[in-house]
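Following: one structure in structure tokens, then a few remarks.
Computed from the coordinates by the stated procedures, all read-outs in this text should not be read as laboratory data. Note that the structure is predicted; figures quoted are calculated from it, not measured. Here Cβ is always computed from backbone atoms with ideal geometry, including for glycine, and neighbour counts include all displayed protein chains.
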Amino acid sequence: MKNINNFFYYLLVSTLLATVSISCNDNSSVTDIKLDKNELYLAIGSTATLTANLFPYSASDKMNWSTSNSNVVVVESNDKVVTVTKGILTAKALGTATITVTTKKGKYTAECTITVINPEPELVLVEGGTFTMGCTDGDCNERSDELPVHQVALSSYKITKYTVTQQQWEAVMGKNPSYFKGYNLPVEQVSWDNVQEFIQKLNALTGKKYRLPTEAEWEYAARGGKLSKGYKYSGSDDINTVAWYTENTTHPVGTKAPNELGIYDMSGNVFEWCSDWYGTYSEGAQTNPPGPETGTWRIIRGGSYLNFGEYVCRVSFRIGTQPNNYRNDFGFRLAHSVD
């Protein structure tokens, strides 16, 4: 019996030692290293994070980070022996650099191409004037929230030529939340609250005062401002020339015809956030209306690529949704007051 007990004792010890040995071997047997991104856009002065992972997951080693051009982008990271590590990037100047992470012995390497861009959007001047806001095409019922039709006077302002793209969003925020990926596609899956964070960071980087357009500014620009020809959609009565509206995906910005002011995609592709709370119209004439002082929903305009029909792509169509709501057909464009 004593010999049998000794046998099981030695068997147990041997098993434990083998387990420890296997564990040690796993920790030193790195088979690959990968970054969470292969390509990244940054704005001058912005920061972002890259994550490097060792494989297998049980492995660990020291990972060394480097940049091919420290004048364009620098990278910082702790150099502890780990399985996962993060590199903190800071964009310094316009250009391109390669960020490289390697294992301690240099056997395994992963790279990410960083492109530093100017994040400022292209703006179109919208000369101030007076217009009729609301359902002017007769394509709404008497209970429509596009009524009553009323006169609005606006001062001059600027609005972006295109909806904000994924490239611009990523350059400022260091990540891309969009469902449909493509740097020249409109950024989507962004809430009104998310957009406020983007604007705050963009203004800090540029020293400018970008903002969302008011609902009145959005509609005036969509109608073509002083150059308006009274179209039902932004730039045409033929929706197919100006809007992506019966699709299963978003499309690159600026690929349909522009409106009278040279502004693209104000009908279709993605809904666009406005600054206003959602509320009912009043009959009286207004000057530079900011919308209701309080509310529950924020305004979105313009329709989207989804097959909601032509009705929602009309320049007067309006709808409200919660400011923390986001979908893969919610995007935005920016406005800027004239100095």
Taking the Cα centre of the stretch 123-337 as the origin, how large is its charge dipole in debye, to the nearest 20, when only Lys and Arg (+1) and Asp and Glu (-1) carry charge on their Cβ atoms? 700 debye
Which percentage, to the nearest 5, of the DSSP beta bridges contained in the chain is antiparallel? 85 percent
Identify, among Ser191, Ser77, Met266, the residue whose Cα sits farthest towards the positive end of the charge dipole of the chain, taking +1 on the Cβ of Lys and Arg and -1 on the Cβ of Asp and Glu, with the dipole about the Cα centre. Ser77
Under a Cβ-only charge scheme (Lys and Arg +1, Asp and Glu -1), can you give me the dipole magnitude of the stretch 175-245 about the Cα centre, in debye to the nearest 20? 320 debye
Between Ser68 and Ser29, what length comes free when the chain is fully extended (0.36 nm per residue of separation minus the Cα-Cα distance, one decimal in nm)? 11.3 nm
Given a 10 angstrom Cα cut-off, can you work out which residue in Gly254, Gly235, Gly302 is the most mobile in a GNM of the chain? Gly254
Trypsin sites (Lys or Arg not before Pro) restricted to DSSP loop in the stretch 161-218 with at most 13 other C-beta within 10 Å: Lys175, Lys181, Lys209
Compute the helix-to-body angle for 192-206: its Cα long axis versus the longest principal axis of the chain, expressed 0 to 90° and rounded to tens. 80 degrees
Please give me, ordered by residue number, the GluC sites (Glu not before Pro) of the stretch 135-207 that lie in loop per DSSP and have at most 11 other Cβ atoms within 10 Å. Glu142
Cut-off 10 angstrom, C-alpha nodes, Gaussian network model of the chain. Which of Pro289, Pro258, Pro186 fluctuates the most? Pro289
Answer label for P(r) over Cα pairs in 10 Å bins from 0, in percent (calculated), chosen among [x] 6, 22, 25, 17, 12, 8, 5, 3, 2, 1, 0; [y] 5, 19, 23, 21, 15, 10, 6, 2, 0; [z] 5, 23, 29, 26, 14, 3, 0: [x]
Pop a pseudo-label 7 angstrom from the Cα along the beta-carbon direction at both Ala93 and Asn288 and give the gap in nm to one decimal. 4.1 nm
Over all distinct Cα pairs, what is the inverse of the mean 1/r for the stretch 209-323, reported as the Kirkwood hydrodynamic radius in Å? 14.4 Å
Sorting check: for 151-159, 41-49, 325-333, which peptide has the highest mean count of neighbouring beta carbons within 10 Å, and how do the rest follow? 325-333, 41-49, 151-159
